[in-house]
Amino acid sequence: MRLRHLAMALSNLPAHPFREPALEQYGTDGETAARWLFSINAEDPFEETDGVIDLGAGNGILGIGALLLGAPNAIFVEIDEEVCKMLQDAIASLDLGGRCRILNGDVRSVNHDEIKRDIVIMNPPWGRQTPRADRPFLDTAARCANESIHLLHGRGAQHIEQWAETAGWVAKRWMDVDLPMPPIYSHHTKKRSSTEAAMWWIKRPAR
Ligand code: SAH
């Protein structure tokens, strides 16, 4: 699939409703998701993995993108029930149902041993509303990923490399993006409609 087609398919997914500011539901836009997933796929093809886990899936843009690039299956974890229904419809409309599992619940309560996959991909809450809200995502990712964790976070995040080292992983920031902000969050920053974000590739250290 070409980059442009992937960006179009992902931009056409139903938009996240962003009803719960406390859950920090900043979504990834279709262009950004497509560029990120394409870059990952060029280095480490999704079709050669045993599948992906999308933590804090929202409308499923990251997991669905990985599936469209050839990931054999995807597991989506999302706490918001309404959002899960929307995700289920999106998956059905793309005929991807047979390769997907949706877990409606908190990332803290997933059964790590049952859902292990080679790749975890996520744009978790960044901890701007609730300090350290990203930590349960990082910890769950470290338990569920066999090989790599792909993380989108605020560019100013200083703790990722240190967290990774402590958890026995190696984190490298490798892409920067300006993420469009949904209107619900732009009320206090009237002039800025985007926010600085970055992507980290967190791997098991080479043996
Ligand atoms: N992955 C999507 C959505 C990112 S927003 C994208 O990139 O566009 C983060 C998502 O995490 C929201 O949908 C929010 O409802 C969900 N979320 C927040 N806290 C959660 C938790 N503890 N467990 C599971 N999902 C959570």
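Summary table below
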| item | result |
| --- | --- |
| For D54: the one exception among (1) among the acidic types (D, E); (2) touching a Gly at 6+ places or on another chain (Cβ under 6 Å); (3) without any contact (Cβ under 8 Å) to a residue 40 or more places away in the chain | (3) |
| Pair list, Cβ < 7 Å and 6+ apart or interchain, from region 72-87 residues that are small (G, A, S) to residues that are within 9 Å of the ligand (Cβ to nearest atom) | A74/D54; A74/G63 |
| R35 surrounded by fewer than 24 Cβ atoms within 10 Å (Cβ to Cβ) and modelled with pLDDT under 95 | no |
| Count of region 149-168 residues which are in a helix (DSSP H, G or I) and touching a strand residue (DSSP E or B) at 6+ places or on another chain (Cβ under 6 Å) | 3 |
| Unique match (being among the aliphatic types (A, V, I, L, M) and within 12 Å of the ligand (Cβ to nearest atom)) among I91, I64, I75, I40 | I64 |
| Any hit, region 188-198, residues being at pLDDT 95 or above and at positive phi | no |
| I53, sole failed condition from (1) over 11 Å from the mean Cα position of the chain (by Cα); (2) within 12 Å of the ligand (Cβ to nearest atom); (3) of a type in the set (A, V, I, L, M) | (1) |
| Residue within region 48-63 that is under 27 Å from I115 (Cα atoms), surrounded by fewer than 16 Cβ atoms within 10 Å (Cβ to Cβ) and among the small types (G, A, S) present | no |
| Verdict on L10 being within 12 Å of the ligand (Cβ to nearest atom), aliphatic (A, V, I, L, M) and in contact with a strand residue (DSSP E or B) (Cβ under 8 Å, 6 or more places away or on another chain) | no |
| Selection within region 128-182 - of a type in the set (S, T, N, Q) and over 19 Å from L37 (Cα atoms) | Q129, T130, T140, Q158, Q162, T166 |
| Count - residues of region 119-148 that are touching a strand residue (DSSP E or B) at 6+ places or on another chain (Cβ under 9 Å) and without any contact (Cβ under 8 Å) to a residue 24 or more places away in the chain | 1 |
| The listed residue being under 21 Å from P180 (Cβ atoms) and in contact with a strand residue (DSSP E or B) (Cβ under 9 Å, 6 or more places away or on another chain), out of G105, G51, G56 | G56 |
| Test set (1) crowded, with 21+ Cβ neighbours inside 10 Å; (2) near the ligand (Cβ under 8 Å from one of its atoms) - L23 fails condition number | (1) |
| Those residues of region 26-36 which are in contact (Cβ under 8 Å) with a residue 60 or more places away in the chain and either within 11 Å of the ligand (Cβ to nearest atom) or hydrophobic (A, V, I, L, M, F, W, C) (or both), in sequence order | Y26, G27, T28, D29, T32, W36 |
| Scope region 108-166; condition within 14 Å of the ligand (Cβ to nearest atom) and acidic (D, E); matching residues | D134, D139 |
| Filter pass, A15 being touching a helix residue (DSSP H, G or I) at 6+ places or on another chain (Cβ under 8 Å) and in contact (Cβ under 8 Å) with a residue 24 or more places away in the chain | no |
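The values are calculated or read from the model by the stated rules, or taken from the named source; none is laboratory data. What you see is a predicted model; the values in this text were computed from it and never measured. Note that we place each Cβ from the backbone using ideal geometry, even for glycine, and neighbour counts take in every protein chain shown.
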